[in-house]
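Have a look at the structure below, then the notes.
What follows is calculated from the coordinates using simple rules that are stated; it is not laboratory data. The structure presented is a predicted model; accordingly, all values stated were derived computationally and were not measured. A quick note on method: Cβ atoms are made from the backbone with ideal geometry, for glycine too, and the neighbour counts reach across all protein chains shown.
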There are 4 protein chains.
Amino acid sequence: MSRQRYGAGIWHFATYVDRYATDGYGEPRTVLDAIELAGRVRDLDVVDLNYPFFGGQFSNEQVGAALQAAGLGVIGITPEIYTRTFSRGSFTSPDPGVRRLTHELCTEAAGVVRHFGADYVKLWPGQDGWDYPFQVDHGALWKASLDGVGQLASENPDLNFVIEYKPREPRVHMSFDSVARTLLGIEKIGLPNVGILLDFGHSLFGGESPADAAQLAIDYGRLFGMDVNDNLRGWDDDMIAGSVHPIELFEFFYTLRKNGWEGVWQLDQFPFREDSVAAADLAIDFLKTVERNLDRLDMAAVAEAQSRQDAVGAMRLVHEVLFA
Amino acid sequence: MSRQRYGAGIWHFATYVDRYATDGYGEPRTVLDAIELAGRVRDLDVVDLNYPFFGGQFSNEQVGAALQAAGLGVIGITPEIYTRTFSRGSFTSPDPGVRRLTHELCTEAAGVVRHFGADYVKLWPGQDGWDYPFQVDHGALWKASLDGVGQLASENPDLNFVIEYKPREPRVHMSFDSVARTLLGIEKIGLPNVGILLDFGHSLFGGESPADAAQLAIDYGRLFGMDVNDNLRGWDDDMIAGSVHPIELFEFFYTLRKNGWEGVWQLDQFPFREDSVAAADLAIDFLKTVERNLDRLDMAAVAEAQSRQDAVGAMRLVHEVLFA
Amino acid sequence: MSRQRYGAGIWHFATYVDRYATDGYGEPRTVLDAIELAGRVRDLDVVDLNYPFFGGQFSNEQVGAALQAAGLGVIGITPEIYTRTFSRGSFTSPDPGVRRLTHELCTEAAGVVRHFGADYVKLWPGQDGWDYPFQVDHGALWKASLDGVGQLASENPDLNFVIEYKPREPRVHMSFDSVARTLLGIEKIGLPNVGILLDFGHSLFGGESPADAAQLAIDYGRLFGMDVNDNLRGWDDDMIAGSVHPIELFEFFYTLRKNGWEGVWQLDQFPFREDSVAAADLAIDFLKTVERNLDRLDMAAVAEAQSRQDAVGAMRLVHEVLFA
Amino acid sequence: MSRQRYGAGIWHFATYVDRYATDGYGEPRTVLDAIELAGRVRDLDVVDLNYPFFGGQFSNEQVGAALQAAGLGVIGITPEIYTRTFSRGSFTSPDPGVRRLTHELCTEAAGVVRHFGADYVKLWPGQDGWDYPFQVDHGALWKASLDGVGQLASENPDLNFVIEYKPREPRVHMSFDSVARTLLGIEKIGLPNVGILLDFGHSLFGGESPADAAQLAIDYGRLFGMDVNDNLRGWDDDMIAGSVHPIELFEFFYTLRKNGWEGVWQLDQFPFREDSVAAADLAIDFLKTVERNLDRLDMAAVAEAQSRQDAVGAMRLVHEVLFA
């Protein structure tokens, strides 16, 4: 009887800057500081690490030692293909030199995945897209997105690559903007080792039902990872999971369970002004509430209500187990 | 120890048309049919009635008899100033004849309020606003909105008039679009018998925090009524209360309780494809969950967390009482 | 030197109801009335006809005679699979009888397409989707959507079927919600005679760039039709084309021209409170402005700016030809 | 016959960071660098300066010399009450020490306004608001917002203070969120020297019509300043003015002209990836197109169409002068 494993992006435990608080929402932290904080979260098993490691020059071994001290494993490596060098695009930069740098950084990240025995390289090409009407040749941009990912996947057949789509930010529009667009691209790439990391909040923000997005990705055999958080559906607020949309979060996990999807339940939160550890603990406590109440949910009765598309009946079943 | 009273717009128990299903989502019902259905809801005390009564020619006495049979009282009367006659505006119609008809219909509605001993005339001037850039003289439009409401309120000092604001629909932009705009207008009108009916969903749709909107209206002494429902924040979906935003609903009622606001908890739902009675029962059952859990909430501890603007601390207190 | 052809949905010349103005925004019109009005538009060549013909019992011959008198051809037939019968779904109704009726109505519409020598059956399954979390089995719903369309396309290999996607309305979420989802579905169906009718406003509403959506559909060989209108990006307002987003409209037509796409430029507008003919004339006059200014646009210079993703350079080229 | 004066926030010529490109979208610049760049814009007259001056320790005299060399005047001073110190609130911080620092910094900024003979202290309390349900006592938060501004205005009766409202960012919800809420607050403060700086993009983002917002602020005698930019209505994208919403921009300036409002036309753009000077030149060139076409617009005919709320007629007049 395996217990559910929990994870988090290591950036959950960093501090942040934005275009206003340019001096940051707190003292800068190194990746080692962040790992130490992550280790204090009650139920955290694994982390996703940005690469290069932030806050200084650290070797894989140093990071590995910190992880061991904190009792944490590595689920994925996220190459930082969205910093200044890549600010006009990574896979889709108009500059071939930058496209080459993108490839090199992701290839290095693949090496780090191998080093840590992690599950995947996570690609979040947040600077690939456009801001203005008429700015780009849309066909060429999309082709460059697929070529870049495809080359990596074909050169590293031993590893999985996951694409984390998002509607926008920092670009006004991001190339991999939705579950369907990303699946369309993955099918075009046509390789078995490219999948989706579904971010619950990105899905909400994009007007999707995260449960529907998960089902679609699963039906294509491409749901390789996921993370959760919350927002007001109009932006990627990366708020604490369960603080705004507990019912859709419950439906999301219901869908995973129904399909026998058994991966790590990860957090992708940005606690700008909150205590990182407290924010993670609150979220994971809520995820455990979800887990517990899924055990209590009469899934056959839900399925029966759904066969009639009976919204009131299904919601009543959910309300009964979810609320006190 | 008075029990909480519950209400609903009588249109909750009607059937609907829209621009696609022009033949309606069900057989047309008369107001008498709707009252009969409302009477089957387990915990409903009062209804808000559209005027003229829909589905036929019915006298106040006929309607009163149906209400009595159903065990229901009347909280308000909503003159239908948004049908064909008023489709280019009611208080703000460019046609002075239509503005006069608006005044006459609302004056009749005031008589119906007196007949039933209801609490208010509810004004929802949904056709007052604009669709296109350059369509209207914005200053003149706003002045007409205030003049229309002001005249009614000054001619009927014995009655309360409540304005239900909404960002848009059926107009692309509605004149009374937000709590602040409406309060600004009410202050300009300057009469004691004009207040706000705060619709939880309209507030969410408008990007407000409904709790903040309620507090503001209360601080101006203008929260005369309220109703709840739910939506995805991008439209006035009029879904079942508690189906999407249970936490913000809880905060809304927390704010009412904190301020000692003791009015009716009403529903404004449009169950297009659902059984009306089941949809109302589900919502009211959820409102009772809210009520019960407010009793359990440590309001002093919440206030203390709020004094530090401690989001995590306050949310933990809420999660602990709200979820199973 | 072929002149551009213009079209409109015949509903542009109908009157409308909504959930508030249940008595309609004007006197009901028959399809024959609407055709007569359409004939008054200065530059209209073809119309898309709802089926069954609205406002009475009319034969194909009667409608054909009215079209001939108005000087109009038929581009497509839109079966009304979104009225009361289908209000809980058409292809995805939980009721197999309704799914069968959907098939029958669309099959009849195919006959009407053949009668008029039109280009396609247009499928807009606006009632296929969901309203509430937990309401549907998402995998089953999507499968039913594809099965329904696929069956029609395989049974009628001589005809084209176009799917008009939209994010939502009247459902809170519509199954065919985006260009990418629809293409994914079409690829799964795997038949050559299923394509997309791209509605400019639906694309804006869904957070897409309509130019990007068009390019993607073209790259898959699936852009079978299109129509334009405008909105505020938050709803399918079906406003007059060129009233809010003239630059993105210009980019949309730029994309069509660049790809040599030479179909009809259609309108899908709902002039609730406006004169239908004046609204169509204004829109088509703007489309002619677009056409004329595309002739003046230095497309090579735009392409060069786009090769550098130079937003300012490209926008300057556009501003110079588009504005006075 | 005075020529229109143009202005810009000096940050238009800075480089930016965000939460992803933490190393910035370009080399950091000092305020002196930025002034030098601003001086290269063809038609710029004045700038709004952040205070403290960014990029180093600079005296008023040094900045003044740079401005003189660039041929620029100062319209306003914007105290940076949104950096790390103020990241949990400025006027509304739960920490009284931070509230005092806010007051001190704004008081210093008032001195800089006097030094440069500028028009106003601009208050943009972007960190005042909330992120989570239940995080704040809404009544107390609003009171603190008004107290903070009121104290400054009453202590500096010789100066004007302008509040720049915005719906959100960096907070999930900002206290001064809309024109109506801000006017409500200003009326409560009750001092003559507090007004609004209306940002066109913030108004669009908040679901307002900027023309309507301007008219309302003017009718209260509180439109003390304005700036323009553009966005997709879902976020404060601070894009180049005229790149998305040229018609509503035209209506905004039409409203100013109609009311005889004769202030500076300012830019508030964030050209993250664009050449700052080119972005400003493009925007101002478009504003000159607006100015020129306003001269050609038959304002009496527009007013006549508006008296009938004739959207099509008014839009035709606009299309005729605005488009080539």
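Structure values in brief
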item	result
Highest-fluctuation residue, B:89, B:24, B:242 considered, GNM on chain B with Cα pairs under 10 Å	B:24
Cα centroid separation - segment B:182-207 against segment D:261-284, whole Å	37 Å
Local electrostatic count, residue C:301, Cβ distance below 12 Å [Lys/Arg +1, Asp/Glu -1]	-1
Debye, to nearest 20: dipole size of segment C:123-165, +1 on Lys, Arg Cβ, -1 on Asp, Glu Cβ	80 debye
Segments D:206-215, C:32-41 sorted - mean Cβ within 10 Å per residue, highest first	D:206-215, C:32-41
Check: segment A:69-113 dipole with +1 on Lys, Arg Cβ and -1 on Asp, Glu Cβ, in debye	140 debye
About the Cα centre, charge dipole magnitude for the protein assembly as shown (Lys/Arg +1, Asp/Glu -1 at Cβ), debye	0 debye
Globularity index of the protein assembly as shown, i.e. its alpha-carbon radius of gyration over 2.2 N^0.38 Å	0.88
Alpha carbon centroid spacing (whole Å) that separates segment A:134-168 from segment A:22-94	23 Å
Proximal charge balance of residue C:48 [Cβ under 9 Å; K/R count +1, D/E count -1]	-1
Geometric extent, Cα atoms of segment D:249-324 - Rg, Dmax (angstrom)	14.7, 45
Shielding by partners, peptide A:205-211 (average Cβ within 10 angstrom, other chains)	6
FRET efficiency estimate (nearest 0.05) - Cβ-Cβ, residue A:104 to residue A:40, R0 25 angstrom	0.10
GNM top mover of D:74, D:17, D:46 - chain D, alpha-carbon springs below 10 Å	D:17
Ascending list, in nanometres, of distances separating the residue D:321 label from those of the other copies (7 Å, Cα toward Cβ)	2.6, 5.9, 6.4
Kirkwood-Stokes translational diffusion coefficient of segment C:181-324, alpha-carbon pairs, 25 °C, 0.890 mPa s, µm²/s	153 µm²/s
Inter-copy spacing of residue A:262 label points, which lie 7 Å from Cα along Cα→Cβ, given in nm from shortest upward	5.7, 6.0, 7.8
Per-selection Kirkwood Rh - chain D (Cα, Å, 1 d.p.)	20.3 Å
Candidates A:181, A:19, A:292: whichever shows maximal mean-square fluctuation once chain A is modelled as a Gaussian network with Cα springs under 10 Å	A:19
Surrounding net charge for residue B:13, when Lys and Arg each add one and Asp and Glu each subtract one, Cβ distance under 10 Å	0
Nearest beta-carbon to the D/B symmetry axis - residue in chain D, distance in Å	D:180, 2
Top positive-direction residue, dipole computed over chain B with Cβ charges, set B:109, B:265, B:191	B:191
Cα pair distances in segment A:175-236, grouped into 10 Å bins until the bin that holds the longest one, percent each	24, 56, 19, 2
Other-copy label distances relative to residue B:55, 7 angstrom Cα-Cβ extension, nm	3.1, 6.6, 7.2
Residues whose placed amide H lies under 5 Å from that of residue B:50, excluding near-sequence neighbours	B:10, B:11, B:78
